[in-house]
1. Does at least one position in the range B:14-32 carry a residue that is within 14 Å of another protein chain (Cβ to nearest Cβ) and out of contact with any helix residue (DSSP H, G or I) (no Cβ under 6 Å at 6 or more places or on another chain)?
2. Report yes if residue A:3 is modelled with pLDDT under 75 and within 14 Å of chain B (Cβ to nearest Cβ), otherwise no.
3. Residue by residue through the range A:236-261, note down the ones that are more than 11 Å from residue A:168 (Cα to Cα) and surrounded by 17 or more Cβ atoms within 10 Å (Cβ to Cβ).
4. Mind telling me which of the residues A:617, A:650 ends up being modelled with pLDDT under 85, surrounded by fewer than 19 Cβ atoms within 10 Å (Cβ to Cβ) and over 24 Å from residue A:414 (Cβ atoms)?
5. Among the residues of the range B:99-130, which ones are surrounded by 20 or more Cβ atoms within 10 Å (Cβ to Cβ) and away from chain A (no Cβ under 11 Å)?
6. Say we look at the range B:79-98 and pick out the residues that are more than 9 Å from chain A (Cβ to nearest Cβ) and buried (at least 20 other Cβ atoms within 10 Å of the Cβ); which of these is nearest to residue B:124 (Cα to Cα)?
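The values are calculated or read from the model by the stated rules, or taken from the named source; none is laboratory data. Being a predicted model, the structure only gives us computed values, none of them experimental. Here the Cβ is made from the backbone with ideal geometry for all residues, glycine too, and neighbour counts use every protein chain on show.
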């Protein structure tokens with residue numbers, strides 16, 4: 001039976017009920033778009049901008065790709081979701097709406113649409129006014145940074161992107177409101193929606209890291225499917241793409257489809273929701289029980305491991321942590337559900353089930369029942385292998401520098417980042433020499449029974465004996481493991497691979513550098529640090545240095561393309577001052593005379609030759625001096641690589657002495 | 001006609017309605033009375049299609065109510081604390097009811113508001129509790145539905161307004177198909193308005209009868225019978241619900257026709273006897289006492 005009641009009239013009434021929110025958004029967007037837009041297009045500013053394309057980019061950034069706007073969209077979706085469905089949390093309001101001769105799906109549809117319109121109409125209308133204002137100045141049809149990206153097109157794409165974001169958050173909030181009977185519970189559910197899957201993935205990583213010796217933390221955790229399951233990721237991705245004037249059609253479509261699915265789920269649950277659940281934290285008892293289980297298990301797990309780990313793996317503390325966290329978490333969740341302290345442990349069966357499941361999961365990890373540590377593929381299953389290690393280039397030995405030029409022409413390089421050699425897969429050795437790799441792996445701690453008895457609880461050279469292996473299997477999958485070694489095994493079984501020139505070229509960036517690109521060489525005792533900012537040249541050499549940089553001009557350049565000094569020069573001045581102090585404090589050895597270009601080139605060639613000939617045993621042996629080579633990479637950026645001056649680099653040491661580095665005296 | 005067949009409803013393991021079976025026929029002002037927690041509000045919310053009964057069925061004019069728009073178009077429900085929109089004026093609610101109830105009588109509503117001195121342009125939040133209830137009773141009457149379900153709606157209304165509403169109800173009942181169903185624990189107020197009463201107790205209907213019939217079926221008599229043996233015989237002959245004795249003066253509440261009770265007493269040669277008027281509250285107290293309910297708890 002179709003209701004005679006007009007949906008349009010009901011929708012109008014529903015929007016009227018949200019009059020305050022609608023007016024607030026309308027006024028807010030009106031001020032933000034046409035009003036401030038006209039100010040931005042005022043003659044005094046507009047005429048001073050020479051590049052109209054640049055101007056459109058600025059307007060686009062202001063009008064659509066502004067992270068603040070995405071925050072507004074998120075906030076509006078959350079607020080309107082709560083406002084539209086808050087009546088479900090009030091017994092009086094539920095009585096009113098559910099007694100009306102209107103089907104529940106119609107009530108839901110009207111409320112859902114009203115909330116969306118309250119946001120969309122003020123947003124779209126004011127953007128349209130903004131475009132009209134721009135059109136009056138004749139810049140609306142010009143293209144922005146992206147080809148074909150005139151301002152109206154960009155703004156329409158922006159509206160679509162914002163709408164997708166709005167719909168996702170709005171639908172999730174609606175779902176949370178339907179699932180619950182109190183606003184605080186709904187907000188908690190929204191947080192769970194946004195973070196649960198990534199949190200479980202993180203928990204898995206933590207447990208594997210703690211229990212498995214061969215576990216290798218995935219360097220691309222942020223790109224994993226679990227992280228993609230978070231609406232926050234989608235939001236950040238869409239915001240980032242929009243800022244780059246790229247319309248993220250794939251994720252927009254995905255978000256709209258997911259929103260539609262959530263909306264369908266909302267409708268289904270709405271129809272099944274009992275009116276009497278208004279005011280109760282959770283509206284569906286079965287879902288509440290499942291949610292409690294899904295929350296209590298991981299939290300109990302992490303708490304148990306925490307107690308066990310911080311007490312030096314004390315079993316009694318582990319047991320205490322398990323019981324304590326199990327009862328605490330179950331009690332807290334049950335209290336939220338029932339708001340009665342006497343009933344926090346009323347569901348004893350579920351507490352017991354949670355405890356048993358938690359123990360079972362811990363047992364799987366503790367006893368490695370899935371055979372994670374003992375896993376080794378058959379040779380026939382392996383396509384290729386990548387090997388990475390942290391002992392040739394420990395973390396921090398490859399720095400990325402940024403260049404700036406002070407007012408007096410001083411060129412300063414400051415470290416902005418360090419390449420994580422262990423996690424940078426580009427620097428791993430890709431080999432098909434499976435025999436050598438299997439020999440290497442089989443003599444690791446995980447497979448060598450004599451390992452512990454020979455070396456005690458902790459192996460010698462523990463700091464240096466990590467080898468990470470990525471197994472690329474023929475079935476298309478890949479598995480990563482990390483193996484530890486005694487120094488003796490490492491030298492013996494890695495050497496056949498490590499001493500191949502191919503291995504060194506792939507894994508040691510300085511071997512791929514053109515000697516003419518070497519900018520500077522510093523030497524310091526092995527127990528000290530190199531400065532994180534250095535002065536390259538000063539005075540009259542600054543210009544030539546800038547020219548040399550070419551496309552490698554860093555973002556932090558104090559000189560613009562036009563050669564005009566910018567405000568950054570002041571910053572560069574401070575950086576130069578800092579670099580002077582840093583270099584003075586570092587125990588750097590300096591040659592008697594600055595090295596010439598030819599000397600630098602010769603030194604670089606000698607280093608490269610020595611590194612190619614250096615044996616693994618020489619690398620692992622002690623060294624008294626470190627050398628840092630600053631060079632310009634292929635991408636134009638400046639890198640600084642630290643190299644141990646081991647006995648294998650005898651020719652380099654001799655050349656350094658010849659050039660005036662007083663290695664022996666300083667030692 | 002509203003037909004309830006074996007309706008049960010529980011909340012958190014507490015049975016609010018227990019196998020309720022009753023009928024509400026058209027053309028009467030039906031009162032549902034009961035003790036606090038008897039299930040009156042729950043029953044009305046089930047009748048209004050707000051709550052889904054755990055078992056049993058509710059049919060209105062041969063149609064299931066829950067999620068049945070056609071059936072719900074015949075019902076208007078006024079809860080104990082009616083909901084109105086934030087900052088809504090009487091006129092706003094009038095306009096909303098007009099959308100929801102196609103048969104809404106706008107002119108009648110404005111007339112009645114005038115008679116009850118309710119300003120259409122005044123915000124509902126500025127009205128007293130009683131005035132708000134008046135507004136919603138008038139909205140309910142003018143909604144044009146066949147059934148009007150009122151939950152404790154007349155609590156707090158002054159006797160003049162109550163009488164005025166009663167006369168409006170009677171007019172409506174006589175002029176069109178209209179059956180108000182009123183739930184309350186306030187028996188004095190119910191007695192003013194209702195002509196048929198269902199007594200709800202601990203989730204079940206104890207009885208459902210016409211008010212006049214009830215009054216003719218239960219009587220209160222005080223008498224003096226000097227012969228204890230005859231008095232005992234009288235006690236055996238009559239269906240006595242309640243008996244108080246002070247010295248030689250006895251006061252009984254008994255079931256049966258007036259004639260039968262009087263004849264039985266006269267046969268025992270009393271020194272004195274008289275029939276006393278029986279209020280709905282006394283009938284209610286008597287009935288609930290029979291099933292062991294403490295009288296102190298029901299004086300509302």
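1. yes
2. Details: modelled with pLDDT under 75: yes; within 14 Å of chain B (Cβ to nearest Cβ): yes.
Taking the combined requirement at face value, the residue satisfies it.
3. A:238, A:239, A:241, A:242, A:245, A:247, A:248, A:251
4. On the way: A:650 fails: modelled with pLDDT under 85.
Unique residue meeting the criteria: A:617.
5. Result: B:104, B:109, B:112, B:113, B:124.
6. That would be B:90.
Results for (1) part of a strand (DSSP E or B); (2) more than 24 Å from residue A:184 (Cα to Cα); (3) in contact with a strand residue (DSSP E or B) (Cβ under 8 Å, 6 or more places away or on another chain), shown as yes or no for each residue.
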site	(1), (2), (3)
A:291	no, no, yes
A:299	no, no, no
A:309	no, yes, no
A:324	no, yes, no
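Residues checked against (1) modelled with pLDDT of 85 or more; (2) away from chain B (no Cβ under 14 Å); (3) more than 19 Å from residue A:18 (Cα to Cα):
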| residue | (1), (2), (3) |
| --- | --- |
| A:60 | no, yes, yes |
| A:85 | yes, yes, no |
| A:113 | yes, yes, no |
| A:128 | yes, yes, yes |
| A:156 | no, yes, yes |
